[in-house]
Every structure is written in structure tokens, then in C-alpha cells.
Amino acid sequence: MSYFATMAEAIEHIAPSFSFAPFAEILQPHLEELLAERGLTKFRQGTVLVPKILIWLVLAMTIRRDLDYHKVFNWMLSGYRWLTGLLPPLGKIVSDGAISHARVKIGAEFFHRLFVKLMASFKEIAPDFHGRVSVAFDGATGTMPDSEANRQEYNKPTSGRGAAAFPQVRWVALLAVSARLVVDIAYGSYVGKGTGERALMSQILARLSHKLLLFLLDAGLYSLEMLWTIDHKQQEFLVKTPKTVKLKRFKTLSDGSYLAWLSGKIIDPDHPTREEGRRCWKQVNMLVRVIDYTIPGFRPGRLLTNILDTDITARELVGHYHQRWDIEISFDEIKTHLCATLSGQSPTIFRSKRPDLVAQELYAMLIMYNLVRLLIVQAAAAHHKNPRFISFLDALQHIIDAAPLLTAANSEQRQAQFNYLLALIADCDIDRPRRQRVNPRVVKVKMSKFRKKRETDKSVQRNLEQELEIIGEKPNPSTALAVKPKIPNPPDDFLALTIFALCIVMATCDASDMPP
């Protein structure tokens with residue numbers, strides 16, 4: 001086997017045409033364009049970590065969180081080692097510290113711009129609800145190594161029991177629900193002014209350029225100012241409201257929903273802050289549609305929306321709202337599967353000890369998550385499947401297996417192998433798709449307000465769409481007969497159990513059998 005004498009000679013041969021498959025077709029044009037803009041196409045002769053390879057290495061490190069820097073580099077180039085025999089037989093491709101030093105030089109802004117370019121090219125996301133693209137806001141946190149620099153920049157969460165083990169960064173993501181793509185993100189310190197979830201949401205809304213969006217918002221993210229901003233950007237929202245929100249009802253609609261005025265004060269953007277630091281406020285009124293609904297066995301809920309078209313029924317809106325939980329699935333895919341670590345390693349989401357490299361790693365992680373998701377969407381489209389029902393974990397494993405081989409293959413082999421990879425991904429059906437069921441609110445270890453789990457606490461099959469009741473809607477006789485009454489579980493304590501039994505006996509007795 002003939003190989004180059006030094007790693008620099010091998011990289012000099014590989015670098016001009018290097019692209020990390022199977023993501024190259026999607027990302028490589030944006031990467032080349034950004035390298036040219038930043039003047040990073042030229043580098044010193046003999047450099048192993050040339051900019052193009054370094055950027056792909058930083059991206060690759062986010063899907064191989066189980067390996068250290070050197071092993072990720074070896075894995076990324078292993079196709080050239082074993083298929084073509086170009087690399088010299090060296091255990092380490094670069095010296096210790098070289099990768100970290102090169103990451104500092106490239107910075108975080110490059111990856112931020114790469115993320116923006118990638119998502120700008122996918123503005124035309126397919127609508128999924130009456131010509132609208134459903135998007136969801138939600139926040140998450142990420143842990144990082146406990147270095148002094150990270151503590152100063154991002155801080156640690158604290159409670160009555162003391163500080164957490166690791167510093168944390170807070171981020172808020174805007175997710176396109178149908179494809180599970182992270183459209184935009186804002187991040188900041190875990191504690192401090194202007195770093196809460198609503199403040200980070202405002203940053204994303206301020207630079208929003210997409211059209212025909214339907215925002216699905218949780219009650220914890222409710223804000224009159226946020227809804228006003230969304231409405232004035234000619235977008236639509238569907239939000240679950242807290243009990244404290246006051247509405248002035250004035251018209252009932254045929255589907256049980258009703259129109260109401262939502263009033264309150266918001267910060268006036270046309271008047272700057274006063275000299276004494278006080279902000280200027282203005283009174284606003286907004287017309288909204290209100291949907292009160294209930295499902296037997298659950299607390300009643302209330303949704304607000306600025307979709308006033310009655311062709312979209314209240315039942316459709318309630319059923320669609322619960323797809324906002326897909327953003328929780330995406331956070332699980334990112335933090336549990338994409339950032340999985342080996343047993344014995346520091347159990348943190350990020351591995352960087354410098355705050356600027358944490359930001360770099362955050363953008364790199366989201367770029368790679370979107371690339372995996374785009375491959376899933378591409379595979380689903382080619383094989384007529386729904387991308388939401390393809391397993392992210394199984395698809396990621398196939399991508400990890402194929403990436404080094406596809407990278408080292410020639411153009412003809414690469415296309416055939418890429419098509420084979422898409423077929424493999426399309427066959428990764430979720431083995432247990434989401435089922436119509438509910439679970440009791442119990443815990444196995446008594447450490448909270450919920451009661452302890454018992455043998456009788458099992459999942460219950462429920463047809464939630466059929467049992468859904470819009471308060472104020474005229475009842476449908478066929479639906480009402482189909483819904484079976486829910487029998488409550490017996491209480492736990494003895495006294496309540498006795499009363500429960502007496503009530504059943506009294507209900508079954510005739511009036512003549514009752515004592516005087």
C-alpha cells in the first residue's frame with residue numbers, strides 16, 4: 001500500500017476536493033461561499049487543519065460526542081485511510097492542542113453565518129395547516145464544563161440547596177413542526193437581565209422574515225406584547241392562555257368558539273425610554289378568537305388565536321395545537337441522542353471550556369441537527385413517507401456508519417451509495433409511533449407532590465379527538481353516544497374509599513330501602 005510520507009502531504013492532496021458526505025450536497029455551496037467571503041480559501045503550505053477541513057471537523061464533533069477530538073478527526077478521514085490508503089500510519093493526525101487553537105482562530109461568528117445561510121436557503125418549507133407553516137417556540141438549557149471562564153459568562157443555576165454542578169446556557173429555538181427544522185435560535189446566560197425565554201423570543205421575532213407562519217405557544221410563553229408583535233407582522237398565533245388573562249366577550253360563533261377583545265399595555269416602540277429610566281407604555285386592544293375546551297379526566301383549557309376564519313373549526317385548532325409538543329421531541333433528539341456521551345465522561349451537552357467555543361459548538365450542533373433532519377425529509381420524499389414518523393436515532397446511526405465511506409468515494413460511487421443511504425433512512429420507521437393514550441400523574445420515587453406509583457397505575461387507551469368537547473358547541477348526538485363515561489379511580493386513603501363505596505350503594509338502592 002502506497003501512502004504519503006507526511007500528513008501535510010496527504011491533506012494537501014485531499015483538501016481541494018474535500019467535502020464531508022452525505023451532507024456535502026446541502027451545505028458545501030454555502031461553506032465555499034462563506035470561505036470566499038471571509039478570505040479563508042488561502043492557507044499556509046504544510047497546514048493540516050486547513051479551514052475547509054477544520055470547519056467540517058467542528059461539525060463532525062457534534063455527532064460524535066462519544067469521541068475525543070483526535071478520534072473524531074481519525075473517524076472523519078478513516079475512508080481515506082482504509083479505502084485509498086493515502087494517510088500515513090500515525091495514531092494522531094495533529095498534535096495535542098492544535099484543534100482547540102484552530103477553533104479559537106476560526107471563531108463562533110463563522111458558524112453563526114453558516115447557520116443563517118443554511119436556513120435562508122430553506123425558506124419555502126411546505127405548509128402543513130391550511131396553507132400555513134406551523135412553528136413552535138420553546139426554551140432549553142445546555143450544560144458545559146465547569147471552567148472559570150464558562151462560569152463567568154453563563155453562570156450556574158442556584159436554589160435553596162446551593163448551586164448546580166455545571167454552568168448552563170439558555171437558548172430559545174423556533175422550530176418548523178412539519179420537518180422539525182430549527183429555523184432560528186437566540187441564546188444567553190442562564191441568569192441575568194434580558195436572558196429569559198420571552199426576551200430571547202423577542203430577538204427572534206425582531207429579525208423574522210418568513211411568511212404565512214402559525215405560532216404554537218405554550219401558556220408559559222404567553223405575553224400580550226408577544227402576540228401584538230406577531231399580529232403586526234401579519235403572522236398568526238395559537239396560544240394556550242393562563243387563567244389570569246381577562247377577556248371581553250362579545251360574539252359567539254357557530255362552532256362554540258367566540259370573539260373577544262384582549263386589552264392591556266405594551267411598551268411603546270415609538271417613544272424612547274425616559275431620562276429617569278422609566279419606559280413608555282401604550283394601551284392596545286386586539287380582536288381574538290377564544291376556544292374553551294375540555295377532555296374528560298383533564299382540566300379545562302383555553303386557546304387564543306387571531307385566526308378568525310370560521311372555515312377552520314375550533315376542533316381543528318385544538319387538535320392541531322398539541323403538535324407543539326414536537327419541539328420537545330426535537331430537544332430530546334439534540335440533547336439525548338445527538339450529544340450522547342460515553343459512560344464515565346463529563347455528562348455535559350457541550351465539551352468546550354471557553355465561552356466563545358461553547359457558542360461555536362451550539363451553532364455547529366444545530367447545523368448538524370438540521371442537516372440530519374433534511375436528509376430524513378429527502379429520504380421520506382423519495383419514498384413517499386412522513387418524515388415525522390422516521391426514527392432520528394436509527395437514521396443518525398446509518399449516517400455515522402456511511403459518512404467516512406461516502407467521503408472517500410469517487411463521484412460515481414458516492415451517488416449510488418447516497419441513494420442507498422436514503423433508502424436505509426426511509427426504512428427506519430419508528431417502532432412505537434405516538435399512541436392515543438393517557439398516563440396517570442404519578443412518580444416511582446416520592447420526591448414531589450404527585451402520589452407514588454402503584455400496580456394499578458397503568459396507561460389507558462383513549463380516543464382524545466372523539467372525547468374532545470368544545471364548551472359552547474352544540475352537541476352531536478352520534479358523537480355523544482360514542483363517548484363512554486370515564487370511571488374515576490378509587491381514592492387511596494381508607495376513609496375516602498369507604499365514602500366512595502357508600503355512595504355507590506346509595507345510588508343503587510330504591511327510595512323505599514332508604515332509612516328514615
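The values are calculated or read from the model by the stated rules, or taken from the named source; none is laboratory data. Everything numeric in this text was worked out from a predicted model, so none of it was measured. Virtual Cβ from ideal backbone geometry, glycine too; neighbours counted across all protein chains shown. Each accessible area value is taken on the protein alone, full model and side chains, heavy atoms only, with ligands, DNA and RNA left out. Shrake-Rupley method; radii C 1.70, N 1.55, O 1.52, S 1.80 Å.
What to note about this one:
- Listed by chain and number, the lysines placed with their C-alpha closer than 19 angstrom to that of Lys243 are Lys265; residues fewer than eight positions away on the same chain are left out.
- Each of Leu308 and Val191 was given a label point 7 Å from its Cα along the Cα-to-Cβ line. The distance between the two points is 4.6 nm.
- For Leu216, the shell of other residues with beta-carbons less than 14 Å away shows a net charge of -3, using +1 for Lys and Arg and -1 for Asp and Glu.
- Cleavage-rule hits (chymotrypsin sites (Phe, Trp or Tyr not before Pro)) in segment 378-468: DSSP loop, at most 13 neighbouring Cβ within 10 angstrom: Phe450
- Cα-based Rg of segment 290-397 normalised by 2.2 N^0.38 Å, two decimals: 1.48
- R0 of 56 Å, Cβ-Cβ distance Asp231-His13: FRET efficiency to nearest 0.05: 0.45
- Stretch gain in nm, segment Asn419-Arg451, where the contour uses 0.36 nm per residue and the Cα spacing is subtracted: 6.4 nm
- Long-range tail of P(r) for the chain (Cα pairs > 45 Å, %): 27
- Residue-span extension gain [Ala164 to Ala340] - 0.36 nm each, minus C-alpha spacing: 61.3 nm
- Using a Förster distance of 22 Å, the FRET efficiency for Phe389-Gln461 (Cβ separation, nearest 0.05): 0.65
- Within-10-Å neighbourhood charge of Tyr3 [Cβ basis; K, R +1; D, E -1]: 0
- Sorting the segments 73-84, 349-360, 251-262 by their residues' average number of neighbouring beta-carbon atoms within 10 angstrom, most packed first, yields 349-360, 73-84, 251-262.
- Ordering of 62-70, 97-105, 35-43 by packing is 62-70, 97-105, 35-43, highest average first (other Cβ atoms within 10 Å, averaged per residue).
- Hz values of 3J(HN,Hα) by residue in segment 59-72 - Karplus curve (6.51, -1.76, 1.60), Gly and Pro given as x: 5, 5, 5, 7, 9, 10, 5, 7, 10, 7, 3, 5, 5, 5
- The alpha-carbon atoms of segment 284-352 define a convex hull whose volume equals 192 cubic angstrom per residue.
- Descending Cα extents along the principal axes, segment 1-60, whole Å: 34, 26, 18
- Solvent-accessible area of Glu25 with every protein chain in place, 1.4 Å probe, in Å² to the nearest 10: 130
- Over 28 Å apart at the Cα level, from the set Lys52/Lys211; Lys117/Lys233; Lys233/Lys335; Lys92/Lys353, are Lys52/Lys211; Lys233/Lys335.
- Here the chain is assigned +1 on the Cβ of each Lys and Arg and -1 on the Cβ of each Asp and Glu. Its dipole about the Cα centre then comes out at about 1220 debye.
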